[in-house]
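**Student:** Mind looking over this structure? Questions follow.
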Amino acid sequence: MSIVAEAPGYIQVFSDGSVKRFEPEIATASIEPSNGYMSKDVVIDSSKPILGRMYLPESSVHQHFPVLVYFHGGGFCIGSTTWLGYHVFLGDLSVSSKSIILSVDYRLAPENRLPIAYEDCYSALEWLIKNIEFEPWLERADLSQLFLSGDSAGGNIVHQVAIQAITSEVFRGRLKGLLPIHPYFGSEKRTELEMDNGSAGGVEMNDMFWRLSLPQGSNRDYFGCNFENAQLSVAEWSQFPAVIVFVAGLDLLKERGVTYAEFLKKKKGVKSHVKVVEAEEQVHVYHVFHPESEATRLLQNQMSDFINSFRK
């Protein structure tokens, strides 16, 4: 039995189809307040399963908070709400943004290829609506102020879930903004940075994750990889929410994020504000690897300012 795909230290895929994942340091949830927030794990759909972790900021008054749904990265193949970097980053973000956060554990490829991750993450939005009267922490939620965020593959999921949400009467008017971080998009056509000789290793790794996650028989022009192939009417695009795209200056995917923002700005029908924010000297998903760094604090403040700009 041989290894047919590998991201050293994270995942190995074997010739018989079996998968071995290597988990980094993880964090447990706690309803005891720590650093200004509480956290707990929830079951979104036990049959699949889809799990989640919620974060609630401490508050001395009974106020209602906007809700941010977060999708972790990992090329659709690795990652978890339990990873320490995500837990610290999102707990602190809930405090700085004064938001309830639901972080989603969707099913992973290659065992569960796209579009399963999109379907699972959209189910998380539906769970919020269905459980508003049953989940105690959602008693503090203002679901007319809903935001989507995620990094890398999670930033890709943000776009796809938003497309589903704007075509649903349930979420129309509720979804205020998208905050994709270093979004993982692609296409059969390479960007200039991807064609640079120094990028060969990164391109090869990205291609591997696409091969593991795309539906069998699909290429990188699949709608989930190439955002230009979304099938929406002008009327539907007119419902698209405001977007702030975060990119990192040293990230191979920087051009993809910038191009995504330019696509939305030029798309006929899109009326909402679209903005790009660059962390010039930072690498891909630095906020997960260094959740307490000065650069991460700046990112959290920028995200908080965006969310708070919609407060009533």
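Condition check ((1) open to solvent by 20 Å² or more (accessible area, probe 1.4 Å); (2) among the basic types (Lys, Arg); (3) part of a loop (DSSP other than H, G, I, E, B)) across all residues:
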site	(1), (2), (3)
223	yes, no, yes
235	yes, no, no
244	no, no, no
252	yes, no, yes
263	yes, no, no
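**Student:** Also, quick follow-up: Find all pairs meeting these conditions: Cβ atoms under 6 angstrom apart; at least six residues apart or on different chains; first residue within segment 1-23 and at pLDDT below 95; second residue assigned to a strand (DSSP E or B) and of a type in the set (Phe, Trp, Tyr).
**Tutor:** Close Cβ pairs (under 6 Å, with a partner that is assigned to a strand (DSSP E or B) and of a type in the set (Phe, Trp, Tyr)) amount to 1/14.
**Student:** Can you list residue pairs whose Cβ atoms sit under 9 Å apart, with the first residue in segment 178-199 being within 14 Å of residue 253 (Cα to Cα) and in contact (Cβ under 8 Å) with a residue 40 or more places away in the chain and the second being basic (Lys, Arg) and part of a loop (DSSP other than H, G, I, E, B)? Count only pairs 6 or more apart in sequence or on different chains.
**Tutor:** 186/220; 187/220
**Student:** I need the full set of residues from segment 156-200 which are assigned to a loop (DSSP other than H, G, I, E, B) and open to solvent by less than 10 Å² (accessible area, probe 1.4 Å), in order please.
**Tutor:** Answer for segment 156-200, where residues must be assigned to a loop (DSSP other than H, G, I, E, B) and open to solvent by less than 10 Å² (accessible area, probe 1.4 Å): 171, 182, 183, 184, 185, 186.
**Student:** For segment 135-155: of the residues being in a helix (DSSP H, G or I) and either in contact with a helix residue (DSSP H, G or I) (Cβ under 8 Å, 6 or more places away or on another chain) or hydrophobic (A, V, I, L, M, F, W, C) (or both), which is nearest to residue 242 (Cα to Cα)? Outline the logic, then answer.
**Tutor:** Filtering segment 135-155 for residues in a helix (DSSP H, G or I) gives 136-140, 153-155.
Restricting the remaining residues to those that are either in contact with a helix residue (DSSP H, G or I) (Cβ under 8 Å, 6 or more places away or on another chain) or hydrophobic (A, V, I, L, M, F, W, C) (or both) gives 137-138, 153, 155.
Details: 137: 26, 138: 24, 153: 20, 155: 14 Å.
For segment 135-155, the residue satisfying everything is 155.
**Student:** I'd like to check something: does segment 271-279 contain any residue that is in contact with a strand residue (DSSP E or B) (Cβ under 7 Å, 6 or more places away or on another chain), open to solvent by 20 Å² or more (accessible area, probe 1.4 Å) and charged (D, E, K, R)?
**Tutor:** yes
**Student:** Any residue at all in segment 82-90 that's open to solvent by 40 Å² or more (accessible area, probe 1.4 Å) and hydrophobic (A, V, I, L, M, F, W, C)? First the steps, then the outcome.
**Tutor:** First, the residues of segment 82-90 that are open to solvent by 40 Å² or more (accessible area, probe 1.4 Å): 84.
Going one step further and asking which of them are hydrophobic (A, V, I, L, M, F, W, C), we end up with 84.
Yes, the conditions are met somewhere in segment 82-90.
Let's see how each residue does on (1) in a loop (DSSP other than H, G, I, E, B); (2) surrounded by fewer than 21 Cβ atoms within 10 Å (Cβ to Cβ); (3) of a type in the set (Lys, Arg):
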{"residue": "5", "(1), (2), (3)": "no, yes, no"}
{"residue": "12", "(1), (2), (3)": "no, yes, no"}
{"residue": "17", "(1), (2), (3)": "yes, yes, no"}
{"residue": "31", "(1), (2), (3)": "yes, yes, no"}
{"residue": "39", "(1), (2), (3)": "no, no, no"}
{"residue": "48", "(1), (2), (3)": "yes, yes, yes"}
{"residue": "52", "(1), (2), (3)": "no, no, no"}
{"residue": "61", "(1), (2), (3)": "yes, yes, no"}
{"residue": "73", "(1), (2), (3)": "yes, no, no"}
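The values are calculated or read from the model by the stated rules, or taken from the named source; none is laboratory data. Everything quoted here is computed from the prediction, not taken from an experiment. FYI the Cβ positions are ideal-geometry reconstructions off the backbone, even for glycines, and counts take in every protein chain you see. Protein only, heavy atoms only, side chains kept; ligands, DNA and RNA dropped before computing areas. Shrake-Rupley method; radii C 1.70, N 1.55, O 1.52, S 1.80 Å.
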